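One structure is given below, encoded as structure tokens.
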Amino acid sequence: MPELPEVEVVRRGLDRWASGRTIAAAEVLHPRAVRRHPAGPLDFAARLTGRRLGPARRRGKYLWLPVGDAADTDTADDGFALLAHLGMSGQLLIQPPGTPDERHLRIRVAFEDADGGELRFVDQRTFGGLSLHPGDTAAEGLPDVIAHIARDPLDPAFDEAVFHAALRRRRTTVKRALLDQSLISGVGNIYADEALWRARLHYERPTATLTRKQTAELVGHVRDVMNAALAEGGTSFDSLYVNVNGESGYFARALDAYGREDEPCRRCGAPMRRSPWMNRSSYYCPRCQRPPRPSAR
DNA sequence: CAGAGATCCTGCAAGC
DNA sequence: TGCTTGCAGGATCTCT
């Protein structure tokens, strides 16, 4: 269930422990993990071999590293990128030599400097995956397949006025919009509920009714929730392990809304509610977060 | 074309 | 006890 803060922690870990290293061999143990690589598992592995990884980058929940010539000592960029998405349960780990294979190990990447450990992609539910893409057409070298992903609210170039205009234009509800990665990226179900609770907005509030001020407050709360999670999770990456654990590492103690059904609202004391929503759940306070009037739209 | 809903996948928990 | 069912969820696909 990694959202932006968790992915950013992984990015930092990759940048520290994988960037700049040369790949000796790659091995795909489950084809579904590379299903977004059109040419298949063998091509994926062959194209990585002998290549050097560049600095780790991120947009929203996507991560990528430019892949270059081993001999090229500067930018490590000759036109393609290793793209990763963790899905729901994906982990990118740097494991020391001799570490037994994880049960859900999907992809192994060994480096020429084997002492530094190997990179592993472990993913129980296989919603995540790795792939290789041409891409440095854009100034930032954004892989083409994620060109539709919007900037995230921690990105200095995130444009709040543009986001607000998009919300006003849409005929949808606010939580759907928060989860729409083409409008704002990096927000998942958990932090959407957290930010809406802080902003005292009901998840079914039509986006077209939001004022400029409400949008600003909502974005501010999204940013706060992410920064708080980052401050907490960012402290745990300082080891040989690049690790995201959907359960324990999830900053659970900081959650005010998600998973708190029947527990008292931390603001007003009313019992929190859970409602089915889009094949999942929305957690909210029925007193602080009033549902929109049916006539409003 | 925009928006809503289904779908993929696995392990765990709850219920009969 | 052992089976079935439900749930979790990001991104993508399909349908209206």
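Being open to solvent by less than 30 Å² (accessible area, probe 1.4 Å), modelled with pLDDT of 95 or more and more than 18 Å from residue A:5 (Cα to Cα): is that true of residue A:196 here? The answer is no for residue A:196. Candidates are the residues of region A:163-178 that are more than 10 Å from DNA strand B (Cβ to nearest atom) and of a type in the set (A, V, I, L, M); the one that is most open to solvent (accessible area, probe 1.4 Å) is A:165.
Taken over region A:10-25, the criterion of being open to solvent by 10 Å² or more (accessible area, probe 1.4 Å) and of a type in the set (A, V, I, L, M, F, W, C) is satisfied by A:17, A:24, A:25. The number of residues in region A:103-129 that are more than 16 Å from DNA strand B (Cβ to nearest atom) and under 23 Å from residue A:3 (Cβ atoms) comes to 2. With respect to (1) at pLDDT below 90; (2) under 13 Å from the mean Cα position of the chain (by Cα), the lone exception for residue A:129 is condition (1). Residues that are in a loop (DSSP other than H, G, I, E, B) and surrounded by 22 or more Cβ atoms within 10 Å (Cβ to Cβ) do not occur anywhere in region A:26-49. A single entry from A:231, A:216 fulfils the requirement of being under 21 Å from residue A:156 (Cβ atoms), open to solvent by 30 Å² or more (accessible area, probe 1.4 Å) and in contact with an Asp or Glu (Cβ under 7 Å, 6 or more places away or on another chain): A:216. If the condition is being touching a residue at least 60 places away in the same chain (Cβ under 8 Å), within 16 Å of DNA strand C (Cβ to nearest atom) and basic (Lys, Arg), then region A:105-130 contributes only A:106. Would you check which residues across region A:268-280 are surrounded by 14 or more Cβ atoms within 10 Å (Cβ to Cβ) and either in a loop (DSSP other than H, G, I, E, B) or outside the structural domain of residue A:226 (by TED's automatic domain parsing) (or both) and list them? Passing the criteria: only A:272.
Condition (residue is within 16 Å of DNA strand B (Cβ to nearest atom), surrounded by fewer than 23 Cβ atoms within 10 Å (Cβ to Cβ) and touching a residue at least 24 places away in the same chain (Cβ under 8 Å)) applied to region A:63-83: is it met by at least one residue? No, the conditions are met nowhere in region A:63-83.
In region A:56-74, of all residues being farther than 13 Å from residue A:85 by Cβ and among the small types (Gly, Ala, Ser), the one that is modelled with the lowest pLDDT corresponds to A:71. Residue A:28 meets each of the listed conditions (1) away from DNA strand B (no atom under 16 Å from the Cβ); (2) out of contact with any Lys or Arg (no Cβ under 7 Å at 6 or more places or on another chain); (3) touching a residue at least 40 places away in the same chain (Cβ under 8 Å); (4) of a type in the set (A, V, I, L, M, F, W, C) apart from (1). On the given criteria, is residue A:103 in a loop (DSSP other than H, G, I, E, B) and of a type in the set (Lys, Arg)? When the stated conditions are applied, residue A:103 passes them.
The rows are residues; the columns are (1) modelled with pLDDT under 95; (2) within 16 Å of DNA strand C (Cβ to nearest atom); (3) under 15 Å from residue A:290 (Cα atoms); (4) not hydroxyl-bearing (Ser, Thr, Tyr).
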residue: A:189; (1), (2), (3), (4): yes, yes, no, yes
residue: A:200; (1), (2), (3), (4): no, no, yes, yes
residue: A:211; (1), (2), (3), (4): no, no, no, no
residue: A:220; (1), (2), (3), (4): no, no, no, yes
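Against the test of being open to solvent by 40 Å² or more (accessible area, probe 1.4 Å), outside any helix (DSSP H, G or I), of a type in the set (A, V, I, L, M, F, W, C) and closer than 21 Å to residue A:82 by Cβ, the options A:127, A:121 yield a single qualifying residue, A:127.
The values are calculated or read from the model by the stated rules, or taken from the named source; none is laboratory data. Note that the structure is predicted; figures quoted are calculated from it, not measured. Positions of Cβ are generated from backbone atoms using ideal geometry, with glycine treated the same way; all protein chains shown enter the neighbour counts. These accessible areas exclude ligands, DNA and RNA; they are computed on the full protein's heavy atoms, side chains included. Shrake-Rupley method; radii C 1.70, N 1.55, O 1.52, S 1.80 Å.
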